[in-house]
Every structure is written in structure tokens, then in C-alpha cells.
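Each value in this text was obtained by applying a stated rule to the coordinates, not by laboratory testing. Since the structure is predicted, the reported quantities are computational estimates derived from the model, not experimental observations. Cβ atoms come from the backbone with ideal geometry, glycine included; neighbour counts cover every protein chain shown.
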Amino acid sequence: MKKIFVINSGSSSLKFQLISFPKEEVICKGIFERIGEESMDLTIKYKEKIKEVIDLSTHKEAIAYLLNKIVDMGIVSSLDEIKGVGHRVAHGGSAPKSQLIDDDVIEKINRLSIFAPSHNPVNLIGIKSFRDILADLPQVAVYDTSFHQTIKPEYYLYPLPYKYFTENKIRKYGFHGTSHKYITHILKEKEPKIKKIINCHLGNGASICAINNGKSVNTSMGFTPLAGLMMGTRTGDIDPAIVTYLMGLENATTEQIDNILYKKSGFLGVSGVSNDVRNVIEAADEGNERAEIAIKMFINRVAQTIATYIIDLEGIDAVIFTAGIGENSSKIRKMVCERLTVLGVEIDENKNNQNAEWIHSSKSRVNIGVIATNEELMIAKDVVALIND
Ligand code: ADP
């Protein structure tokens, strides 16, 4: 049996899972939160859920603590049982696949930090921390961008002067690739006849991907994960001139503008209630108009993107909803599908309310599915494939 660690480090958090192969079972999982403050919170689930406050403050200390903890708790009898680590890395540039980490890969992830300043540097800290503690352990970088390397230039180029593409590599990269790839694999196993898929990954971060025959054709995130749909706290696509106008209006630095676009906008910015769609729906149900508009704006974007991607795919076999909102909110799914009635989409209300795997009615011209995403498993599978090579 192989035990594989999956690490997803964010700016102030670090999520982890230990997964066993070949059974693909989660042995334990958890999250460190409030990293960077004086103490951090650890939640770890192994048989039961345990919460701790620990007097440590860095990602590296969190990883060292975690490795001791899993031995102390008897989750592994020794660290030798761990055969590899997979790191979710936001930006992999033009890498079409996951890579075994060596000095060159570290250097490349570092270079790409200019494109993903709030993700790549912190992903690197996770990688280096494991290297310091378990130098011989194979580590794999699994990039959010890789799955989208099949997108063609007419979709990935921006209508800017061409030199910004050739010299500065400004193009659409796309993100959430591991999730879109996972859904593609699941559907290939379960429903091999389904070839043209529009996968709606609707979480706090949200993106839609048009997939044909297992390959990404187009996706809604772009040069950065700010593009496309409206999200929990991110704008998604807006008129770019608003950005320069805001800079003048607020006399703001690029960091302050980034903060508005990434952290203060989306559901939170429009509704003034929350980034969490559950709270926004609750407020709308109680008559909060801004909350109601925020939901309608989100639905518009999702439905419009699906409609566009039907053209890009020259047809459609299935629309899939996944991630926090997609998997859990029958209300959002219903509202999106109602906007698609003109395309022959119809859902079965009962199936939708039960979060059933397929929620379309017998009359619907399009299959509509709900599939739970599992990025961690996809990452661990890539690790197993690469260390077995
Ligand atoms: P992340 O992008 O952080 O990985 P998730 O995929 O975990 O996000 O999605 C989290 C989001 O899912 C929450 O912020 C919330 O908006 C939404 N969500 C979860 N459950 C529901 C629900 N029952 N109804 C509506 N939204 C939900």
C-alpha cells in the first residue's frame, strides 16, 4: 500500500490529505488556518475530528508539526510509509502535465510567481519545507493551468499588441484545471459516450470549462484567476477601463486595486452581505434587494458562459455542476437551467432537490449532472503515476 500526501497551501492556510493507494482512500485530512498570526488552528480528521490551537506561525513549522503529529497519532508508524507528496501549484506556465520536482521545476515555479503572486510563492514554501524535512521523498507539482494547455490561440490570445504575448507571455492560462480534469475522467469512466462537456466549477472561486473528447477547448478564467464569472469576492470580467478609472479615483496603488478586485468584489461587494452564497440566498429570501441582484448577476454570467461554450463545442452532451455551490445549491442550479430553457434544457425538480447525479428531465435535450469534484485525489493519482514511471 502506498501513502501519498496532498498539500494545498494558501496564503494563510494549508490543506492536507493522506491518501492510500491502490484503494484511493482518504486516511486523514485537515487544515491549518491563520498561518502567519501568532498561533494557528489545526483541524485534523482521522477517525474523529480534532481541533488544536498551536503556538507556531509559519507554513514550514506547520508541515514539521504535521509530520510529527501523524506519527504521534499512529496514522503512520513511520514517515517511510509516505511514498510521495503532491503539491497543488497555481501556475505552471506552459507545462501541459504534472512534474516531478527538481531544482529546475522549483526555479520555474519561482519565475512564474509574477503571474500568481498570491499562490506560487506560498506553494513553493510547502515544497521547500518537505525538501528540508524529507529530502529523498519524491515530490510532484500539479498545476492548475496544465489541463488548459490544449486551448487554441484564437481562444487564449487577448487582442493586445502581439508583443505582450511573445515577450511577456500575456495570454489566457485558465485555472481549476485539476478539477475540470477530474470531472472529465469520471465522466469518461461512467459515461464514455459523453464527449462534449461544459463543466461548471462553482465554488468561492468559480470557472467554467468547455471540454471536447477529454480536452479543454475554452475556459472562463484567463491570464489570472480573476477573469470570467463573478465569484465570492472576485469581480470576474469587467470593463478593463474601470481599473484605470478606479486607480485615479482612489489614488490607489496596484496592491490596493488588486485588493478591491480580488477581495472586496463579487457576491460580497454587490450584496454587502457575504461572499458565502448560502448567506446571500438567505438575505435575498428575506427581501434584501442587493443580495437578489447579486444572485441574478451570477446566474446571468454562468448561463451566458454555458451558451457561449455550446457554440465553441459545436454542440453539447452534458452540463455538469461541481464544487461548493454547484454540488450543494439546488436553487442556483435551477435558476441557471431555467435561463437555458431556450436551448432545450429542462431539469427534474425532485432530482435537483435531492442533488441526484443526473437532474435533467426526460424531455431535456441536454444531460445535466451533479458530480462532486475531488482535486486531491486527482493530484495523488498524478503523484502515483509519476513515481511509478
Ligand atoms: P473554494 O473555491 O474555496 O474551494 P468550495 O468549492 O468549497 O470553495 O465552495 C465554497 C462555497 O460554496 C461557499 O463559499 C458557499 O458560497 C458555497 N456553498 C456551499 N454550500 C452551499 C449551499 N448549500 N448553497 C449555496 N452555496 C453553497
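By the beta-carbon count within 10 Å of each Cβ, the least crowded to most crowded order of Arg131, Arg171, fewest first, is Arg131, Arg171. Using Cα atoms only, what is the angle between the long axis of helix 330-339 and the major principal axis of the chain, expressed in degrees (0 to 90) to the nearest 10? Helix 330-339 sits roughly 40 degrees off the main axis of the chain.
For the options Glu167, Glu292, Glu38, a Gaussian network treatment of the chain with springs between C-alpha atoms closer than 10 Å singles out Glu167 as fluctuating the most. Hey, which lysines would be in cross-link range of Lys49, C-alpha to C-alpha under 24 Å, not counting anything within fewer than 8 residues on its own chain? Hits, sequence-local ones excluded: Lys2, Lys3, Lys15, Lys23, Lys29, Lys60, Lys69. Need one word for the range 84-174: rounded, prolate or oblate. Basis is the Cα gyration tensor (sqrt eigenvalues a ≥ b ≥ c); a/c below 1.5 gives rounded, then a/b vs b/c decides. Prolate shape, in that a/c is at least 1.5 and a/b is the bigger ratio.
Bridgeable aspartates and glutamates around Lys190 (alpha carbons under 12 Å apart, same-chain partners fewer than 8 residues away excluded): Glu357. Taking the DSSP beta bridges with both ends in the chain, the antiparallel portion is around 70 percent.
Along the charge dipole of the chain, Cβ charges K/R +1 and D/E -1, which of Cys209, Gly269, Asn251 sits furthest on the positive end? Positive-most Cα among the choices belongs to Cys209. What is the helix-to-structure angle for 375-388, meaning the angle in degrees between its Cα long axis and the longest Cα principal axis of the chain, kept from 0 to 90 and rounded to the nearest 10? That helix lies at roughly 50 degrees to the long axis. Rounded, prolate or oblate for the range 142-283? Axes are the square roots of the Cα gyration tensor eigenvalues, ordered a ≥ b ≥ c, and the cut-off for rounded is a/c under 1.5. Oblate is the answer for the range 142-283, as a/c is 1.5 or above yet b/c matches or exceeds a/b.
Panel order for Phe298, Phe21, by other beta carbons found within 10 Å of each beta carbon, from fewest to most: Phe21, Phe298. The alpha carbons of the range 1-61 occupy a box of 39, 22, 14 Å along the principal axes, longest dimension given first. If you take the square roots of the eigenvalues of the alpha-carbon gyration tensor of the range 201-343 and sort them as a ≥ b ≥ c, do you get rounded (a/c under 1.5), prolate (a/b over b/c) or oblate? Here the range 201-343 falls in the oblate category.
Here the sum of -39500 (n - 2.57) over DSSP H runs of 4 or more residues, divided by the residues of the chain, equals -11500 deg cm²/dmol at 222 nm, to the nearest 500. Counting only aspartates and glutamates at least 8 places from Lys152 when in the same chain, those with an alpha carbon closer than 16 Å to its own are Asp312, Glu314. Averaging the sequence gap over all C-alpha pairs within less than 8 Å and six or more residues apart, then dividing by the number of residues, gives the chain a relative contact order of 13 percent.
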